[in-house]
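Comments concern the structure below.
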Amino acid sequence: MPRRRSAAEILRSVPPRDRARLRRLDLNLDDPADAELFVQGVRVADEAIAEEARRDAERS
């Protein structure tokens, strides 16, 4: 199972261009509430990807 990334690591990985795109969608990663929501979404996506990889490995 892959290690869980820290919130800071997730937020640092978002390039400035993507941060600007998110701001246009009214999601400001400098706002703590928005950043928490974004990090939670990334973690859910990470878990779903890991689960899919586990299922694929079991089928092989």
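The values are calculated or read from the model by the stated rules, or taken from the named source; none is laboratory data. The model shown is predicted, which means the values in this text are computed figures rather than measured ones. Every residue, glycine as well, gets a Cβ built from its backbone with ideal geometry; the counts of neighbours run over all protein chains shown. Protein only, heavy atoms only, side chains kept; ligands, DNA and RNA dropped before computing areas. Shrake-Rupley method; radii C 1.70, N 1.55, O 1.52, S 1.80 Å.
Taking all protein chains as present, what is the carbon and sulfur share of the accessible area of the chain, in % to the nearest whole number, probe 1.4 Å?
Numbers: 2620 of 4850 Å².
So the carbon and sulfur contribution to the accessible surface is 54 percent.
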Report task. Over the chain, average the accessible area per residue using a 1.4 Å probe and give it in Å², no decimals. Result -> 81 Å²
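Report the relative contact order of the chain, percent, no decimals, based on alpha-carbon pairs under 8 angstrom and at least 6 residues apart.
Details: 21 pairs, mean separation 20.9, N = 60.
Taking the mean separation of contacting Cα pairs over the length of the chain, I get 35 percent.
Excluding Arg24 itself, what net charge comes from residues whose Cβ is under 14 Å from its Cβ, given Lys and Arg +1 and Asp and Glu -1? Please report the intermediate quantities before stating the final value.
On the way: positive: Arg17, Arg19, Arg21, Arg23; negative: Asp18, Asp26, Asp34.
Net charge around Arg24: +1.
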Query raised in the report: Convex hull over the Cα atoms of the chain, averaged projected area in nm²?
Result: 4.7 nm²
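How much net charge surrounds Arg4 when only other residues with a Cβ under 13 Å from its Cβ are counted (Lys, Arg +1; Asp, Glu -1)? Could the numbers behind the result be given before it?
Values: positive: Arg3, Arg5, Arg43; negative: Glu9, Asp46, Glu47.
Spelling it out: positives minus negatives among the neighbours equals 0.
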